[in-house]
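Peer 1: What follows is a single structure, and I will ask about it in a moment.
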Ligand code: TRP
């Protein structure tokens, strides 16, 4: 976990997959994917999101891991190593450090809601309740500044605590146990959803594309979310890749992480939308969606309270294994580039994320009417700025660098960790050189109104 000579590596290949999948799988899959799918009208959005992941996300993930492994440094330092001297390319690293830090600030707010729900579920708040009563629980929570800030802070303390333990001890150990458990619980919810009266409407909503719903903003949401859900464009996979050894097969690692990530998101959607339709809720109701729907399922189940506690515990853990990776980007920057001690860097950055996140935490209560940024609250603005602009910009820059500027014929074999796959390099290179940058550019320009007269 330290720079230079004795850089820590992942204890095992499985450990890496779990940690990287742990970074990728988080609130993005279970909280954000369903609610933006709801806001963007379902099927067609899901299709574009899947395309963005496969054609843009996957190749960029390989590029980021590749850059990190080659550089064996933090996200900024990697570019200096690759270029042989500190050049302007380091801006990609700085952009990543800033984006992942800003992301952490509001991510902790939502993760805090999940913490709160663990306690609420344990005290029986969701037992035998109607959909309205469960809605009210969410409304009450977000409108209480003290409660929200308390949990946001608790979440950051927990995250910083794990990062203090270092890469191996902290991140890998827990992922191995808790991620599979989360998966099982989602499966249970999925089957439950499929047996409910909303199953058909839910399936149709998610998988029957209606292309008239694809606005420029929906395209940008889908592209931005492809970066968000795979933890791309913010230095995270560069940093995690820097702890990988030279023999690692980047293709199969990236494919596995991506598939796991997609599965969890689809399962979450398939667990949530049947409830939305069965209970007559609004699919486009926004960031509260998972908190307003999942408790409904548990409220009518045997052992519902226990399962609800478990669900929100695991969701909190999934959020934590993601937030750890966000914090790790800036911590490793300060440690590797500025010579800070790891402990100090972690505490200072954790505290700073808390303070910067306060306006986001208060966006649903005290500051609900303060909308200085294009009529948006702090929370909405930070969320949109990171997902729709900073991450795509970061991913675009990585693609342009890896596709056009990185001088290295040696890259050929490194992608496959020695396996013979003659098609891989040309295909990957084509995708990062042309497809990914073009897709980001077109979607951004389209959003800015360039293609509409
Ligand atoms: N991928 C995570 C999720 O879906 C969030 C995340 C972690 C992230 N690290 C990131 C997103 C870096 C963008 C960049 O919840």
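Since every read-out is calculated from the coordinates, none of them should be taken as a lab result. Bear in mind that the values here come from a model prediction, so they are computed numbers and not experimental data. Here the Cβ is made from the backbone with ideal geometry for all residues, glycine too, and neighbour counts use every protein chain on show.
Peer 1: Taking the Cβ of each residue in 64, 337, 132 as the centre, tally the other Cβ atoms inside 10 Å and list the residues starting with the fewest.
Peer 2: 132, 337, 64
Peer 1: Let me ask something else about it. Just rank 230, 267, 14, fewest to most, by other beta-carbon atoms within 10 angstrom.
Peer 2: By the 10 Å Cβ count, ascending: 14, 267, 230.
Peer 1: With a point put 7 Å past each Cα toward its Cβ, work out how far residue 177 is from residue 211 in nm, to one decimal.
Peer 2: Result for the modelled spin labels: 5.0 nm.
Peer 1: With everything on Cα atoms, drop me the angle between helix 131-142 and the longest principal axis of the chain, reported from 0 to 90° to the nearest 10.
Peer 2: Helix 131-142 and the main axis of the chain meet at about 50 degrees.
Peer 1: For helix 289-299, what angle does its Cα long axis make with the longest principal axis of the chain, in degrees from 0 to 90 and rounded to 10?
Peer 2: The answer is roughly 50 degrees.
Peer 1: Cβ neighbours within 10 Å, averaged per peptide: list 102-109, 288-295, 80-87 in order, most packed at the top.
Peer 2: So the peptides 102-109, 288-295, 80-87, ranked by packing, come out 102-109, 288-295, 80-87.
Peer 1: Looking at the square roots a ≥ b ≥ c of the eigenvalues of the Cα gyration tensor of the stretch 54-152, which shape do they give, rounded for a/c under 1.5, prolate if a/b is larger than b/c, or oblate? Walk me through the numbers on the way to the answer.
Peer 2: Details: a/c = 4.10, a/b = 2.80, b/c = 1.46.
The shape class here is prolate.
Peer 1: Helix-derived [θ] at 222 nm for the chain: sum -39500 (n - 2.57) over DSSP H runs of at least 4, divide by residue count, nearest 500?
Peer 2: Roughly -21500 deg cm²/dmol at 222 nm, from the helical runs in the chain.
Peer 1: Taking 0.36 nm per intervening residue step and subtracting the Cα-Cα distance, what contour gain separates residue 144 from residue 441 on full extension?
Peer 2: This chain segment gains 102.9 nm when fully extended.
Peer 1: Quickly work out the residue 119-to-residue 365 label distance, labels modelled 7 Å from Cα along the C-beta direction, and quote it in nm with one decimal.
Peer 2: 1.1
Peer 1: Let me ask another. Arrange the following residues from fewest to most other Cβ atoms within 10 Å of their Cβ: 74, 245, 261.
Peer 2: Details: 74 29, 245 12, 261 26.
By the 10 Å Cβ count, ascending: 245, 261, 74.
Peer 1: How far is helix 342-361 tilted off the main Cα axis of the chain, in degrees rounded to 10, range 0 to 90?
Peer 2: 40
Peer 1: P(r) for the chain: what percent of alpha-carbon pairs falls in each 10 Å bin, starting at zero?
Peer 2: Histogramming the chain at 10 Å steps yields 5, 22, 33, 27, 12, 2, 0 percent.
Peer 1: Take the alpha-carbon centre of the stretch 267-340, take the same for the stretch 66-85, and report the distance between them in whole Å.
Peer 2: So the two Cα centres are separated by 33 Å.
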